[in-house]
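What follows is a single structure, written as structure tokens, with notes after it.
The values are calculated or read from the model by the stated rules, or taken from the named source; none is laboratory data. Remember, predicted model here, so these are calculated numbers, not experimental data. Reconstructed Cβ throughout: ideal geometry from the backbone, glycine too, with neighbour counts over all protein chains shown. These accessible areas exclude ligands, DNA and RNA; they are computed on the full protein's heavy atoms, side chains included. Shrake-Rupley method; radii C 1.70, N 1.55, O 1.52, S 1.80 Å.
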Amino acid sequence: MSGRGAPSAHRIAGALVEECGRTYAEEAGIRLKDTPQPLYQLLVLSLLLSARIRASVAVAAARALFGHGMRTPRRMVDATWQQRVDALGEGHYRRYDERTATQLGEGAQLVLDTWRGDLRRLREEADGDRGRLIRGLRRVPGIGPAGADIFVREVQSLWPETGPWVGAKGLQGAERLGLPTSAAALARAARGHDDARFAAALVRAALDKDVVDAVREAARGR
């Protein structure tokens with residue numbers, strides 16, 4: 001292909017993944033696999049990321065919670081409310097720390113009571129229906145539309161029936177990059193790339209103009 005003119009959507013997608021194709025789960029130190037602990041950790045991260053707070057702060061707060069042993073719903077419930085508040089504070093998640101500490105405790109109890117601590121049971125209930133999965137996630141205190149969106153976006157490479165999914169914030173990133181915003185056209189542009197990493201990279205583009213500039217420059221040079 002000639003280097004003249006605007007780069008193709010596929011080239012932009014490739015540059016995007018190369019520049020910032022790292023999921024937020026990876027950034028938070030979650031080794032995502034289809035087992036109860038990492039899936040619960042992703043749920044916690046999704047709750048934290050859904051607040052109106054910098055993503056870097058949410059990731060730091062998740063790392064702090066996990067670092068204090070709150071990696072499973074049982075350990076989250078067994079921690080005191082103050083221990084949860086203190087861990088969130090270590091990650092500088094202070095604006096919403098008290099409310100979030102309460103939601104984390106209530107949400108962990110719901111996961112234990114409803115799915116016996118294993119979110120794979122929620123997947124079984126959804127039976128391949130993304131809408132049912134989202135409705136199930138939204139039963140968890142603190143998980144609203146944004147939090148459910150984040151969980152689905154991050155888990156899609158592990159649970160492929162949920163994807164491809166970039167979510168509302170990912171579509172904003174696609175628009176900023178000049179990528180198509182229809183699901184089918186965006187999927188074609190991302191062909192060959194991991195769905196979760198591509199979606200996370202789109203979100204990073206939505207949140208940071210410097211990412212958009214770097215990706216456009218890289219795409220012109222590909």
Length-normalised contact order of the stretch 1-159, Cα under 8 Å, at least 6 apart, in percent, tallies to 24
Percent of Cα-Cα pairs per 10 Å bin, from 0 to the last occupied bin, for the stretch 60-99, please list those. 37, 57, 6
Report the Rg/Rh value for the stretch 90-135, based on alpha-carbon coordinates and the Kirkwood definition of Rh. 1.14
Starting from the exponent 0.38 and prefactor 2.2 Å, build the expected Rg for the stretch 53-147 from its residue count and divide its actual Cα Rg by it. 1.10
So, in nm, how far is label Arg95 from label Glu26 when the simple model puts each one 7 Å beyond its Cα toward the Cβ? 2.8
Once neighbouring chains are kept in place and the probe is 1.4 Å, which whole percent of the accessible area of the stretch 35-115 is contributed by carbon and sulfur? 45
Keeping every protein chain present and rolling a 1.4 Å probe, give me the accessible area per residue for the stretch 114-222 in Å². 47
Between Glu175 and Glu217, the FRET efficiency computed from the C-beta separation at R0 = 22 Å comes out, to the nearest 0.05, as 0.75
Cα extents of the chain along the three principal axes, largest first (Å): 61, 38, 24
Spelling out what I want: for every residue of the stretch 62-70, take phi, set θ = phi - 60°, compute 6.51 cos²θ - 1.76 cosθ + 1.60 (Karplus), and round to whole Hz; glycine and proline get x. 4, 4, 5, 4, 5, x, 8, x, 8
Mean projected area in nm² (Cα convex hull; one quarter of hull surface) for the stretch 1-101: 8.3
Bins of 10 Å, beginning at zero and ending with the bin holding the largest distance: percent of Cα pairs per bin for the stretch 134-189, please. 24, 47, 25, 4
For Gln109 and Arg135, calculate 0.36 nm times their separation in residues minus their Cα-Cα distance, and state this gained length in nm to one decimal. 7.6 nm
